[in-house]
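In what follows, a single structure is set out as structure tokens and then discussed.
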Ligand SMILES: NC(=O)c1ccc[n+]([C@@H]2O[C@H](COP(=O)([O-])OP(=O)(O)OC[C@H]3O[C@@H](n4cnc5c(N)ncnc54)[C@H](O)[C@@H]3O)[C@@H](O)[C@H]2O)c1
């Protein structure tokens with residue numbers, strides 16, 4: 001099929017590249033000329049595992065453009081993969097989505113408009129009305145939400161747990177199901193509102209597990225239990241499962257924080273107070289700040305102390321720093337008067353952090369530091385020569401915000417080690 005993808009971001013590029021890999025001809029449209037120029041040169045504007053190879057392998061079937069007409073020329077499916085960031089009120093900002101919808105010209109054949117962007121429940125119905133008002137009855141509308149995780153998005157797209165297709169008309173759902181031929185996964189076909197809610201509810205369920213295990217971790221700390229053992233023992237229960245039971249300094253990223261806020265707000269706008277989700281969000285906010293208390297207990301006042309932040313991206317495998325816990329941590333530490341150095345293998349700290357010295361290696365970041373904090377569980381951190389690192393630090397204290405390092409080994413390397421929800425020295 002011929003497919004147009006609006007939005008050359010994390011979702012649009014993975015969607016376009018994977019659909020090309022399935023044999024479709026794909027045109028990716030964005031409004032940022034630098035992105036399109038970069039892609040045309042054969043480079044990739046973001047860091048996502050396997051994406052560069054995917055786009056290179058399928059270059060014959062991929063075109064990049066700024067022009068709406070070029071993107072829509074002959075397209076049978078038009079994907080919307082533009083950003084839906086939060087507004088000041090916490091609702092999803094659908095400005096970019098409406099721009100795409102309003103830019104669609106009349107078509108003389110059936111075209112399916114497929115929504116990949118995460119949108120509030122009811123958006124599809126509103127889009128349908130808008131299309132009908134403009135006489136675009138032969139533009140079908142489908143909600144086909146995206147569940148890929150940054151860092152593993154290419155793999156997730158090709159091996160999904162399910163493909164959700166919410167449609168007003170069966171013929172349109174058939175087209176989207178056909179587009180995914182070659183992917184072996186259960187297909188959930190439903191109405192548009194349910195598909196929209198599946199995406200928001202799935203995210204909320206994952207966030208709930210993270211906040212749950214973080215609260216268990218906090219109680220473990222207060223009572224002498226070790227949350228890593230607790231999570232293993234709990235997660236082996238088949239009714240519970242092991243995923244998303246890793247305690248740490250909370251979730252971030254471009255999806256969870258904004259989608260939880262959008263769902264809470266969506267419920268509130270409909271007259272319902274989503275109490276559980278409100279608690280999940282609050283627990284996460286507090287969790288990001290727990291490292292400050294740990295540092296203060298060990299170092300006293302933080303003014304003038306040199307703290308090394310290891311990792312800036314909201315998770316490993318991506319350069320995405322949107323809503324990353326590192327941002328809150330850095331801002332709080334700076335407010336306390338600490339001096340910060342930071343290292344990340346791919347995230348661009350310069351663009352997001354003021355007054356933080358950016359190091360080219362973990363060892364450089366640790367040089368002369370009074371404490372280090374593991375903020376992102378980059379595998380590279382396991383390869384650090386920690387004995388050497390300890391010698392270079394003014395005070396070998398490590399707060400492991402992701403419980404990724406072995407406490408015994410770190411103590412043998414001469415470190416004072418503290419994780420999240422684990423026994424303390
Ligand atoms: N990032 C993820 O892993 C992920 C996963 C699932 C769902 N989502 C959802 O997918 C959507 C996109 O997320 P993202 O992370 O890819 O965002 P992003 O900010 O990386 O990309 C959005 C792109 O859309 C472009 N754009 C804006 N207006 C446009 C227009 N009129 N025409 C064409 N392009 C336009 C922007 O320039 C940008 O390049 C969001 O709704 C997000 O919640 C994201």
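The values are calculated or read from the model by the stated rules, or taken from the named source; none is laboratory data. Bear in mind the structure is a predicted one, so any value in this text is a computation, not a measurement. Virtual Cβ from ideal backbone geometry, glycine too; neighbours counted across all protein chains shown.
Being in contact with a helix residue (DSSP H, G or I) (Cβ under 9 Å, 6 or more places away or on another chain) and free of Cβ contacts under 8 Å to residues at least 60 places away in the same chain is the filter here, so list the residues in segment 36-56 that pass it.
Selection gives 39, 42, 43, 44, 45, 53, 55.
With respect to the numbered conditions (1) more than 14 Å from the ligand (Cβ to nearest atom); (2) closer than 21 Å to residue 55 by Cβ; (3) surrounded by 15 or more Cβ atoms within 10 Å (Cβ to Cβ), which one is the sole condition not fulfilled by residue 159?
Every listed condition holds for residue 159 apart from (3).
This table checks each residue for (1) closer than 20 Å to residue 119 by Cβ; (2) surrounded by 13 or more Cβ atoms within 10 Å (Cβ to Cβ); (3) modelled with pLDDT of 95 or more.
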{"position": "186", "(1), (2), (3)": "no, no, yes"}
{"position": "189", "(1), (2), (3)": "yes, yes, yes"}
{"position": "194", "(1), (2), (3)": "yes, yes, yes"}
{"position": "198", "(1), (2), (3)": "yes, yes, yes"}
{"position": "203", "(1), (2), (3)": "yes, yes, yes"}
{"position": "208", "(1), (2), (3)": "no, yes, yes"}
{"position": "233", "(1), (2), (3)": "no, no, yes"}
{"position": "237", "(1), (2), (3)": "no, no, yes"}
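Pick from 115, 66: which is within 11 Å of the ligand (Cβ to nearest atom) and surrounded by fewer than 17 Cβ atoms within 10 Å (Cβ to Cβ)? Give the derivation first.
Values: 115 fails: surrounded by fewer than 17 Cβ atoms within 10 Å (Cβ to Cβ).
Exactly one of 115, 66 is within 11 Å of the ligand (Cβ to nearest atom) and surrounded by fewer than 17 Cβ atoms within 10 Å (Cβ to Cβ), namely 66.
Only one of these is within 11 Å of residue 309 (Cα to Cα), assigned to a helix (DSSP H, G or I) and under 24 Å from the mean Cα position of the chain (by Cα): 330, 365. Name it.
Values: 365 fails: under 24 Å from the mean Cα position of the chain (by Cα).
The conditions single out 330.
Being within 13 Å of the ligand (Cβ to nearest atom) and either part of a loop (DSSP other than H, G, I, E, B) or out of contact with any helix residue (DSSP H, G or I) (no Cβ under 8 Å at 6 or more places or on another chain) (or both) is the filter here, so list the residues in segment 17-32 that pass it.
30, 31, 32
Can you tell me which residue among 101, 88, 77, 44 is more than 11 Å from the ligand (Cβ to nearest atom) and closer than 23 Å to residue 136 by Cβ?
Of 101, 88, 77, 44, the one residue that is more than 11 Å from the ligand (Cβ to nearest atom) and closer than 23 Å to residue 136 by Cβ is 77.
Looking only at segment 372-386, decide whether some residue is surrounded by fewer than 23 Cβ atoms within 10 Å (Cβ to Cβ), touching a residue at least 40 places away in the same chain (Cβ under 8 Å), in contact with a strand residue (DSSP E or B) (Cβ under 7 Å, 6 or more places away or on another chain) and part of a loop (DSSP other than H, G, I, E, B).
The answer is no, given that none of the residues of segment 372-386 is surrounded by fewer than 23 Cβ atoms within 10 Å (Cβ to Cβ), touching a residue at least 40 places away in the same chain (Cβ under 8 Å), in contact with a strand residue (DSSP E or B) (Cβ under 7 Å, 6 or more places away or on another chain) and part of a loop (DSSP other than H, G, I, E, B).
Yes/no matrix, rows are residues, columns are (1) within 19 Å of the chain's Cα centre (by Cα); (2) within 30 Å of residue 424 (Cα to Cα); (3) in a helix (DSSP H, G or I); (4) within 16 Å of the ligand (Cβ to nearest atom):
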site: 193; (1), (2), (3), (4): no, no, yes, no
site: 201; (1), (2), (3), (4): yes, no, yes, yes
site: 206; (1), (2), (3), (4): yes, yes, yes, yes
site: 214; (1), (2), (3), (4): yes, yes, yes, no
site: 217; (1), (2), (3), (4): no, yes, yes, no
site: 221; (1), (2), (3), (4): no, yes, yes, no
site: 232; (1), (2), (3), (4): no, yes, yes, no
site: 244; (1), (2), (3), (4): yes, yes, no, yes
site: 263; (1), (2), (3), (4): yes, no, yes, yes
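Being farther than 16 Å from residue 259 by Cβ, away from the ligand (no atom under 16 Å from the Cβ) and either in a strand (DSSP E or B) or in contact with a strand residue (DSSP E or B) (Cβ under 8 Å, 6 or more places away or on another chain) (or both) is true for just one of 135, 124, 140. Which residue is that? Even if it seems obvious, please write down each step before you answer.
Working: 135 fails: either in a strand (DSSP E or B) or in contact with a strand residue (DSSP E or B) (Cβ under 8 Å, 6 or more places away or on another chain) (or both); 124 fails: away from the ligand (no atom under 16 Å from the Cβ).
Step by step, each of 135, 124, 140 is checked, and only 140 is farther than 16 Å from residue 259 by Cβ, away from the ligand (no atom under 16 Å from the Cβ) and either in a strand (DSSP E or B) or in contact with a strand residue (DSSP E or B) (Cβ under 8 Å, 6 or more places away or on another chain) (or both).
Tell me which of these residue 107 doesn't satisfy, since it passes every other one: (1) out of contact with any helix residue (DSSP H, G or I) (no Cβ under 7 Å at 6 or more places or on another chain); (2) modelled with pLDDT of 95 or more.
(2)
For segment 307-327, what are the residues that are surrounded by fewer than 21 Cβ atoms within 10 Å (Cβ to Cβ) and not in a loop (DSSP other than H, G, I, E, B)?
327, the sole residue that qualifies.
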